[in-house]
Amino acid sequence: MDRLSTLDAEFLHLEDGVTHMHIAGVSVFEPPAPSPEELIALIGSKLDQIPRYRQRVRPVPLELGRPVWMDDPHFNLAYHVRHTALPTPGGDEALRRLMGRLMSQPLDRNRPLWEAWLVEGLDDDRWAIISKVHHCMVDGISGVQLLNVLLDLTPDAELAVPEPWEPEADPSPVSLVLDAWQGLAGDLGRLAGRAIDAVRDPGSALDRARQLGAGLVEFGRHLGSTPPLSIEGTIGPHRTWAHSSVSIADVKQVRRAVGGTLNDVVLAAVAGGYRTLLERRGDDLDEAVVRTLVPVSVRGDANGVPDNRVSAMLYELPIHVLDPLQRLAKVREDMAELKASHMAEAGEFVTGIGDITPPMLMSAGTRLTIRLMRQLPQRSVNTVTTNVPGPQFPLYCLGREMEAYLPFVPLTEGVRVGTAILSYNGRLAFGITGDFDTAPDVDVLARAIADELDGLRSAAGVGSDERVDSEPVS
């Protein structure tokens with residue numbers, strides 16, 4: 001019996017009628033569009049490699065254990081693969097509206113937690129697949145791995161013949177409870193094993209404890225309340241979305257010219273984008289603090305069933321710095337300090353503590369926190385910025401090349417704007433999610449981030465073989 005991890009379960013508990021915890025992406029392909037039947041056949045040929053696509057989440061009685069994955073006895077692939085078309089004349093604006101509407105609807109908890117939408121009617125007869133998967137199933141890294149499974153490396157790949165599949169019968173409630181207790185015993189056993197290792201090697205254990213303590217202190221220091229901003233506060237159930245993209249080669253040119261990492265250059269552009277957005281909204285830039293949660297992968301390998309293996313860092317974007325090169329220098333300095341602070345290790349430790357916390361208390365605590373945040377919105381985290389490396393080679397769906405992959409990140413209570421960054425085949429795409437009622441202008445941020453990267457190139461004195469695209473890529 002496969003149990004959800006503590007972090008997987010938390011993504012379920014965070015979800016309510018307002019906060020939707022699915023991650024998503026838009027894959028844009030060259031024409032012609034396939035038929036829905038062809039897409040269903042393709043996904044059906046891959047299901048052996050994606051067991052979660054035929055499993056649903058089931059709670060343990062009285063929440064005596066974390067939820068478990070069980071085969072869906074009524075699984076029907078056609079239910080999960082949908083078909084739609086953009087209204088004439090189509091185009092990017094229509095695609096963005098469709099994406100916002102689809103992301104405003106929660107996934108059906110009684111079914112496997114995913115959907116795939118075949119979308120026709122894009123510019124130049126192109127088409128897209130909108131993939132929507134619950135965050136309890138995947139994180140950003142495993143989501144990209146999932147994309148690699150569903151798509152092909154060559155345009156002439158043949159469909160595999162799916163193996164026969166029969167759902168396993170649901171276990172009894174008593175079996176669920178006994179398995180949950182067995183799982184808790186295993187978690188406690190692993191904790192005891194780590195304690196024994198610490199006794200055997202007290203020097204290393206003491207060093208790890210010092211690092212962990214420093215990380216916890218640093219994490220706590222970044223949780224203080226920030227001045228009110230228009231991009232934070234209570235959200236509604238509806239979403240809006242925008243996107244832009246740049247050439248990875250151009251970003252690397254900036255990195256080589258001024259130093260730092262590719263991620264430093266991207267964060268500096270994101271900071272400049274938020275400066276533009278807040279200035280347009282009339283926020284006080286001298287007083288503003290934009291603290292972003294930055295997920296950090298702690299995935300040791302790329303094997304196994306997709307799940308969540310992430311920690312997080314908190315970082316205050318230097319939006320008060322006007323000069324783009326000085327802003328990048330500030331990001332380089334800050335990120336070096338954050339990486340040395342062991343904040344990510346502290347976040348992983350806190351998640352690990354949840355493994356031995358009674359699930360009933362964890363779920364009740366999460367729900368209570370969400371209710372309190374509805375009344376007293378948090379101002380510790382203003383936004384989220386997630387950066388996921390994707391494949392740097394073309395992928396194909398039924399012989400059609402994928403021209404772009406555009407990401408989507410969910411919003412939680414108090415966070416009205418979020419940024420997802422994903423690289424694919426020489427391009428870096430930015431997907432900006434906004435609350436429909438309070439942040440309908442996320443296209444401003446999407447364009448501003450790309451424009452900031454253009455400005456960084458100019459300030460660094462580097463040319464480009466490809467102009468930075470500050471317009472949304474449909």
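The values are calculated or read from the model by the stated rules, or taken from the named source; none is laboratory data. Just so you know, these numbers come straight off a predicted model, no measurement behind them. Virtual Cβ from ideal backbone geometry, glycine too; neighbours counted across all protein chains shown. Quick note on the areas: whole protein, heavy atoms, side chains included, nothing else; ligands and nucleic acids left out. Shrake-Rupley method; radii C 1.70, N 1.55, O 1.52, S 1.80 Å.
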Give the residues of the range 405-447 that are open to solvent by less than 10 Å² (accessible area, probe 1.4 Å) and of a type in the set (Gly, Ala, Ser), sorted by residue number.
GLY414, GLY418, ALA420, ALA429, GLY431, GLY434, ALA439, ALA446
Mind telling me which of the residues ASP92, ASP108 ends up being surrounded by fewer than 21 Cβ atoms within 10 Å (Cβ to Cβ) and either within 29 Å of GLU168 (Cβ to Cβ) or over 26 Å from the mean Cα position of the chain (by Cα) (or both)?
ASP108
Since ALA9 meets every condition but one in (1) open to solvent by less than 10 Å² (accessible area, probe 1.4 Å); (2) modelled with pLDDT of 90 or more, which condition does it not meet?
(2)
Considering (1) open to solvent by 70 Å² or more (accessible area, probe 1.4 Å); (2) in contact with a Leu (Cβ under 9 Å, 6 or more places away or on another chain); (3) part of a helix (DSSP H, G or I), say which one TRP165 fails and leave the rest.
(3)
Just checking, which of GLU120, GLU93 is touching a Gly at 6+ places or on another chain (Cβ under 9 Å), farther than 20 Å from HIS22 by Cβ and among the charged types (D, E, K, R)?
GLU120
Does the range 65-78 contain at least one residue that is in contact with a helix residue (DSSP H, G or I) (Cβ under 7 Å, 6 or more places away or on another chain) and polar (S, T, N, Q)?
no
Sort out which residues of the range 109-154 are among the β-branched types (Val, Ile, Thr) and farther than 19 Å from PRO394 by Cα, and write them in order of number.
VAL119, VAL133, VAL138
Can you pull out every residue in the range 382-404 that is open to solvent by less than 30 Å² (accessible area, probe 1.4 Å), assigned to a strand (DSSP E or B), modelled with pLDDT of 90 or more and closer than 30 Å to ALA439 by Cβ?
THR383, VAL384, THR385, THR386, MET402, ALA404
Could you check how many residues of the range 408-430 are part of a strand (DSSP E or B) and over 25 Å from THR226 (Cα atoms)?
8
Quick check on the range 14-21. Is at least one of its residues part of a helix (DSSP H, G or I) and either open to solvent by 10 Å² or more (accessible area, probe 1.4 Å) or touching a Pro at 6+ places or on another chain (Cβ under 7 Å) (or both)?
no
